[in-house]
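To start, the structure itself, in structure tokens.
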Amino acid sequence: MAPARNITLLGAGLIGTFYTMTLQGGRSRDRVHTVCAATEEEARAFAAKWGIPRATADIGKAVEDPDTDVVVVGLPNNLHKTAVLAAARAGKPVLCTKPLGRTGAEALEILEAVEKAGVFAGYLEDLVYTPKTLKALASVGRGALGRVLWVRSRETHPGPHSAWFWDKEIAGGGAIVDMGCHCIEIIRSFVGKGVRPVEVLCTADTMVHPIAAEDSGLALIRFENRAIGQFEVSWTFRGGMDLRDEVAGTEGTIWLDHFLRTGFEMFTAVGEGGYVAEKAEGDKGWLFPVGDEVHALGYVHMFADMLDALEKGRAPRETFFDGYVVNAIIDACYRSAVSKRWEPVDLAAWRGGAAQGPAEIKGGEEEGARFRLIKEEKMPDGKTKRILKNLETGEVVQTVRDR
């Protein structure tokens, strides 16, 4: 039986709530033993609500609690480095929420600190652990889509729930660092995390809110194997949270709709009378509730993977190196948004594989060795049209057959 874990939780906001709901959910023996919040009052209130024995506003004291054996970081972005380095000094396994750092340089410093200390570290990127995403990734891994050519990931909603997200210095940016980090890691997971990201073209703007950071962004990521990733993020979308992913390969396509279309739709004229779903803008009219939010958003599978990896001495699906690569891509996005051109992804260290070659589309033997099939389709009259390339001349031709 897996050992029960006593956890130090740093952060008592929305993410801390989701983490606690997950870690202490069902008949789990894992418990949050110590919680650290911005103030003692906030920490004590959170502890009372969730039955947590100890509460403090001191990060160092929480990390060094002798009765806890794992540190979970759910703090504002500017405190990730402080918290992770404290865990590394204490020799404790540490799990850190996204993004790993505010910049690639900060993320690399965090990565190097845990590696130097020799402590287990996991990157808490929940959206690559959603049940739909895990099943889609398994299908892609079995070759159901052929070679992945293009991945599009979208996350939009009316804006974050806490004031610090809106502060460019604390967060490290706006919608791109907040939500683009999710999209980038989803894209990398489908393209293949061993495939190096090469360059980025990005546009960003502050379209609605009176803030210094961007509230909207769109980017293209080009990978070494010629695959393309595309993300769309915005804090200006009205109506709730919209999470969608699309994956296109040489042999197939996957569409994933996580929110708003949850498969649960209801209408109420008088109001639902309680919490509906994350980022829902109201509780009247058409609503899109979620049956089990922490499960649907990937938290359950994420913590199961992290704690199982810790127990078995293996790497989790999401590591601090992944977090560093994500931050490096975000850095390129911000440079591109200013320069208005493709910007390289600067990686001081790369641990992926060699570039994959372009997909080969093979023609039938009946065309002979001189031709390669480009496309085949059935026409309205029942005949089959084939578009072929002559490999000797480069000419594109077509044939039409009765079958």
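Against the condition over 29 Å from residue 138 (Cα atoms), under 25 Å from the mean Cα position of the chain (by Cα) and in contact (Cβ under 8 Å) with a residue 24 or more places away in the chain, how does residue 293 come out, does it pass?
Details: over 29 Å from residue 138 (Cα atoms): no; under 25 Å from the mean Cα position of the chain (by Cα): yes; in contact (Cβ under 8 Å) with a residue 24 or more places away in the chain: yes.
Spelling it out, it is not the case that residue 293 is over 29 Å from residue 138 (Cα atoms), under 25 Å from the mean Cα position of the chain (by Cα) and in contact (Cβ under 8 Å) with a residue 24 or more places away in the chain.
Does residue 87 satisfy the criteria of being free of Cβ contacts under 8 Å to residues at least 40 places away in the same chain and among the hydrophobic types (A, V, I, L, M, F, W, C)?
Numbers: free of Cβ contacts under 8 Å to residues at least 40 places away in the same chain: yes; among the hydrophobic types (A, V, I, L, M, F, W, C): yes.
Answer is yes for this residue.
Filter segment 281-318 down to the residues that are assigned to a loop (DSSP other than H, G, I, E, B) and either within 23 Å of residue 124 (Cα to Cα) or in contact with a helix residue (DSSP H, G or I) (Cβ under 8 Å, 6 or more places away or on another chain) (or both) and list them by number. Break it down stepwise before answering.
Going residue by residue through segment 281-318, those that are assigned to a loop (DSSP other than H, G, I, E, B) are 281-284, 288-292, 297-298, 313-318.
Result: 290, 291, 292, 297, 298, 313, 314, 315, 316, 317, 318.
Any residue at all in segment 90-109 that is more than 16 Å from residue 323 (Cα to Cα), of a type in the set (A, V, I, L, M) and not assigned by TED's automatic domain parsing to the domain that holds residue 240?
yes
I want to confirm something. Restricting to segment 316-348 and keeping residues that are of a type in the set (Gly, Ala, Ser) and more than 20 Å from residue 84 (Cα to Cα), which single residue is surrounded by the most Cβ atoms within 10 Å (Cβ to Cβ)?
This residue is 332.
Could you please let me know if residue 74 is small (Gly, Ala, Ser), touching a residue at least 12 places away in the same chain (Cβ under 8 Å) and within 30 Å of residue 219 (Cβ to Cβ)?
Working: small (Gly, Ala, Ser): yes; touching a residue at least 12 places away in the same chain (Cβ under 8 Å): yes; within 30 Å of residue 219 (Cβ to Cβ): yes.
Considered against the rule, which asks whether it is small (Gly, Ala, Ser), touching a residue at least 12 places away in the same chain (Cβ under 8 Å) and within 30 Å of residue 219 (Cβ to Cβ), residue 74 comes out as yes.
Kindly indicate whether residue 253 is assigned by TED's automatic domain parsing to the domain that holds residue 147 and at pLDDT 90 or above.
yes
Just give me the residues in segment 269-285 being modelled with pLDDT of 90 or more and loosely packed, with under 11 Cβ neighbours inside 10 Å, in sequence order.
269, 270
Residues in segment 78-104 that are of a type in the set (Ser, Thr, Tyr) and crowded, with 17+ Cβ neighbours inside 10 Å: how many? Before you say what the answer is, go through the steps one by one.
At the first step, the residues of segment 78-104 found to be of a type in the set (Ser, Thr, Tyr) are 82, 97, 103.
Narrowing further to those that are crowded, with 17+ Cβ neighbours inside 10 Å: 97, 103.
Looking only at that region, the number is 2.
Just checking, which of 16, 51 is small (Gly, Ala, Ser), modelled with pLDDT of 95 or more, within 23 Å of residue 304 (Cβ to Cβ) and buried (at least 21 other Cβ atoms within 10 Å of the Cβ)?
Only one candidate passes the filter, namely 16.
How many residues does segment 235-247 contain that are buried (at least 21 other Cβ atoms within 10 Å of the Cβ) and farther than 23 Å from residue 265 by Cβ?
The number of residues fulfilling the criteria is 2.
Scan segment 194-208 for residues that are of a type in the set (A, V, I, L, M) and out of contact with any helix residue (DSSP H, G or I) (no Cβ under 9 Å at 6 or more places or on another chain) and jot them down.
198, 207, 208 - these are the residues of segment 194-208 that are of a type in the set (A, V, I, L, M) and out of contact with any helix residue (DSSP H, G or I) (no Cβ under 9 Å at 6 or more places or on another chain).
Here is a yes/no grid of residues against (1) modelled with pLDDT under 95; (2) of a type in the set (Ser, Thr, Tyr); (3) more than 26 Å from residue 311 (Cβ to Cβ):
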residue: 27; (1), (2), (3): yes, no, no
residue: 33; (1), (2), (3): no, no, no
residue: 40; (1), (2), (3): no, no, yes
residue: 45; (1), (2), (3): no, no, yes
residue: 64; (1), (2), (3): no, no, no
residue: 75; (1), (2), (3): no, no, no
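Can you find a residue in segment 259-268 that is buried (at least 16 other Cβ atoms within 10 Å of the Cβ), at positive phi and in a loop (DSSP other than H, G, I, E, B)?
no
Can you tell me which residues in segment 148-176 are more than 19 Å from the chain's Cα centre (by Cα), in a helix (DSSP H, G or I) and either at pLDDT below 95 or not charged (D, E, K, R) (or both)?
Listed by number, the residues that qualify are 163, 164, 166, 170.
Yes/no per residue for (1) of a type in the set (Val, Ile, Thr); (2) over 20 Å from residue 165 (Cβ atoms):
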| site | (1), (2) |
| --- | --- |
| 73 | yes, no |
| 96 | no, no |
| 101 | no, no |
| 107 | no, no |
| 131 | no, yes |
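State which residue is farthest from residue 65 (Cα to Cα) when the search covers only segment 105-119 and only residues that are surrounded by fewer than 23 Cβ atoms within 10 Å (Cβ to Cβ) and not acidic (Asp, Glu). Walk me through how you get there before you give the answer.
Here is the first cut: in segment 105-119, the residues surrounded by fewer than 23 Cβ atoms within 10 Å (Cβ to Cβ) are 105-106, 108-109, 112-119.
Those left that are additionally not acidic (Asp, Glu): 105, 108, 113-114, 116-119.
Working: 105: 29, 108: 27, 113: 20, 114: 19, 116: 22, 117: 18, 118: 19, 119: 17 Å.
Within segment 105-119, the match that is farthest from residue 65 (Cα to Cα) is 105.
Yes or no: residue 192 closer than 22 Å to residue 149 by Cα and either modelled with pLDDT under 95 or surrounded by fewer than 24 Cβ atoms within 10 Å (Cβ to Cβ) (or both)?
yes
The values are calculated or read from the model by the stated rules, or taken from the named source; none is laboratory data. Keep in mind the model is a prediction, meaning the values are calculated, not measured. Ideal geometry is used to build each Cβ from the backbone, glycine not excepted, and the neighbour counts take in all protein chains shown.
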